[in-house]
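Novice: Take this structure, written in structure tokens, and hold onto it; I'll ask about it next.
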Amino acid sequence: MRSALLYSAVLGLAAAAPKAMPQDIDVDYIESIPTPTTGLGPAVEQVSATPSYDAAAAASDAAQEISTAPIYTPTPSSASRRGLRRSPLAKRTDCGPEPDGHGPSPGSDTSDTGFLSSSILANYANSAVAPAGYSLASGFQNLQGSLSEIGYIGLYTFSQYDPSLCSAKCNSVSACLGFNIYFERDPSITPAAACPNPAPFTNVKCTLYGYPVAAGAATNMGQWRGPTDANGQAFHVVITGSNGYNKNPCPTPPQLTNFTGPSAQLPGAINAPNDPTTGKNTYLGMKLYNGGPFDPSQCSAACQAQTAYDARHPASDGTYMPCNFFNAYILLKNGIPQGTYCSFYSRTWDASYATNTGYTSGSTQYSVVDSFTYALTTPDPGHI
């Protein structure tokens, strides 16, 4: 009865002067959701990870979650994280050769500081041209950190620094919206007690992401690998020449079963009034999914599951508030993606209501990008 009782309470409070439920970005909810500890980028030892995302599994998770965490009451969600399939690490032999390492040499000085200060590597990044269909992410050129951001979906290692090679990989994956290409100082053999802090070589790595990439998320500055040598030094993995590129414009998301859409890309999120005919509120609530790429199918699964749940628990007069329409978009916090934000409604609204572009609070800016809507093809009447 939870949803029916809430619906009745909303109508009772609004009887004298109907007001729409607030549809502002739920900051408290967003801040309560922890950033996933995995799925932000490749493991330090990896040189390849085939892109893999199971949208069906993610949608199933989103639907199953509704029975314990309805869309009316924001609850930190882990739904969609099972949709990610991480490639296993290849087994390495102590002091055995590491794969690849065909990137350009930074010169005679191969220390970590020499690698980071190399003009050879910097020139590659600074002279790189954005591939067709992509644009350089703001401020994301020749950084000394690789991306650590939600929506990581795959890794490739190349023999040359060429963003067009990375864009071709991104184009082959429907969920990919951006990529990061960078130089990484890696050990030429697997560090071990018998061969601590070995000689380095250069890898050119390309990581794919299911959200727009942001310079502010290029926070992986490297790691230490293996035991220390006689001088107390372990091998230092460091990164330079890190560039980020986004698809431009954002691809239109796919059609979804039982829904009409998606709409054309909107300038913001839907901010709807009460129904002009009945005076009733139409906003049901929201969900945020941050365990995989941008994926409106999670919104559609939650929308239909919520309606089915409410239909099983109607009000005393047999009515319930159906989900007939949703708005899916990417929420950014200071330019960094926070996940797939879903807003749910009992009726459709057109593009003229897409007026919520975000807001600024102190030094924090929340913004809405890549906003699309879907409408249930056969609207649910909301009564049994």
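Novice: So, D100, is that one within 30 Å of P200 (Cβ to Cβ), outside the structural domain of H313 (by TED's automatic domain parsing) and either at pLDDT 85 or above or touching a Pro at 6+ places or on another chain (Cβ under 8 Å) (or both) or not?
Specialist: No; evaluated as a whole, the condition is false for this residue.
Novice: Within region 258-269, is there a residue that is farther than 18 Å from P212 by Cα, part of a helix (DSSP H, G or I) and in contact (Cβ under 8 Å) with a residue 40 or more places away in the chain?
Specialist: The answer is no, given that none of the residues of region 258-269 is farther than 18 Å from P212 by Cα, part of a helix (DSSP H, G or I) and in contact (Cβ under 8 Å) with a residue 40 or more places away in the chain.
This table checks each residue for (1) β-branched (V, I, T); (2) on the phi > 0 side of the Ramachandran plot; (3) outside the structural domain of Q365 (by TED's automatic domain parsing).
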position	(1), (2), (3)
I120	yes, no, yes
A125	no, no, yes
Q144	no, no, yes
G151	no, yes, yes
Y156	no, no, yes
Y161	no, no, yes
P198	no, no, yes
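Novice: Take V237 and decide whether it is in contact with a His (Cβ under 8 Å, 6 or more places away or on another chain), outside the structural domain of S367 (by TED's automatic domain parsing) and buried (at least 20 other Cβ atoms within 10 Å of the Cβ).
Specialist: On the way: in contact with a His (Cβ under 8 Å, 6 or more places away or on another chain): no; outside the structural domain of S367 (by TED's automatic domain parsing): yes; buried (at least 20 other Cβ atoms within 10 Å of the Cβ): yes.
For V237, the condition - in contact with a His (Cβ under 8 Å, 6 or more places away or on another chain), outside the structural domain of S367 (by TED's automatic domain parsing) and buried (at least 20 other Cβ atoms within 10 Å of the Cβ) - is not met.
Novice: I'd like to check something: does region 332-341 contain any residue that is of a type in the set (A, V, I, L, M) and under 24 Å from the mean Cα position of the chain (by Cα)?
Specialist: Scanning region 332-341, I find at least one residue that is of a type in the set (A, V, I, L, M) and under 24 Å from the mean Cα position of the chain (by Cα), so the answer is yes.
Novice: Let me ask something additional. Could you pull out the residue among A302, A375, A328 that is at pLDDT 95 or above, within 20 Å of the chain's Cα centre (by Cα) and more than 30 Å from G216 (Cα to Cα)?
Specialist: Matching residue, one of A302, A375, A328: A302.
Novice: Please pick out the residue among F259, F201 that is within 26 Å of L121 (Cα to Cα) and surrounded by 18 or more Cβ atoms within 10 Å (Cβ to Cβ).
Specialist: F201
Novice: Please go through region 34-68 and pick out each residue that is surrounded by 18 or more Cβ atoms within 10 Å (Cβ to Cβ) and farther than 30 Å from K169 by Cα.
Specialist: A63, E65, I66
Novice: Moving on to the next point. Taking the criterion of being of a type outside the set (A, V, I, L, M, F, W, C), without any contact (Cβ under 8 Å) to a residue 24 or more places away in the chain and not assigned by TED's automatic domain parsing to the domain that holds E149, would at least one residue in region 319-326 satisfy it?
Specialist: no
Novice: Looking only at region 210-233, how many residues end up being part of a loop (DSSP other than H, G, I, E, B), of a type outside the set (S, T, Y) and touching a Gly at 6+ places or on another chain (Cβ under 9 Å)?
Specialist: Within region 210-233, residues that are part of a loop (DSSP other than H, G, I, E, B), of a type outside the set (S, T, Y) and touching a Gly at 6+ places or on another chain (Cβ under 9 Å) number 7.
Novice: Another one. With the condition kept exactly as written, say whether any residue in region 210-229 is among the basic types (K, R) and in the same structural domain as S148 (by TED's automatic domain parsing). Break it down stepwise before answering.
Specialist: First, pick out the residues of region 210-229 that are among the basic types (K, R): 225.
Subsequent filtering for residues that are in the same structural domain as S148 (by TED's automatic domain parsing) retains 225.
Scanning region 210-229, I find at least one residue that is among the basic types (K, R) and in the same structural domain as S148 (by TED's automatic domain parsing), so the answer is yes.
Novice: Name the residue, out of T113, T93, that is part of a loop (DSSP other than H, G, I, E, B), out of contact with any strand residue (DSSP E or B) (no Cβ under 7 Å at 6 or more places or on another chain) and surrounded by fewer than 18 Cβ atoms within 10 Å (Cβ to Cβ).
Specialist: T93
Yes or no, residue by residue, for (1) modelled with pLDDT under 95; (2) in a loop (DSSP other than H, G, I, E, B); (3) touching a strand residue (DSSP E or B) at 6+ places or on another chain (Cβ under 8 Å):
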position	(1), (2), (3)
C170	no, no, yes
N180	no, no, yes
C195	no, yes, yes
V204	no, no, yes
L208	no, no, yes
T240	no, no, yes
P249	yes, yes, no
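Residue-by-condition table, conditions (1) at pLDDT 75 or above; (2) more than 30 Å from P196 (Cα to Cα); (3) out of contact with any Pro (no Cβ under 6 Å at 6 or more places or on another chain):
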position	(1), (2), (3)
R2	no, yes, yes
S8	no, yes, yes
P36	yes, yes, yes
E45	yes, no, yes
T68	yes, yes, yes
P74	no, yes, yes
R85	no, yes, yes
L89	no, no, yes
C95	yes, no, yes
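The values are calculated or read from the model by the stated rules, or taken from the named source; none is laboratory data. Everything quoted here is computed from the prediction, not taken from an experiment. Using ideal geometry, Cβ is built from the backbone for each residue, glycine included, and neighbour counts are taken over all protein chains shown.
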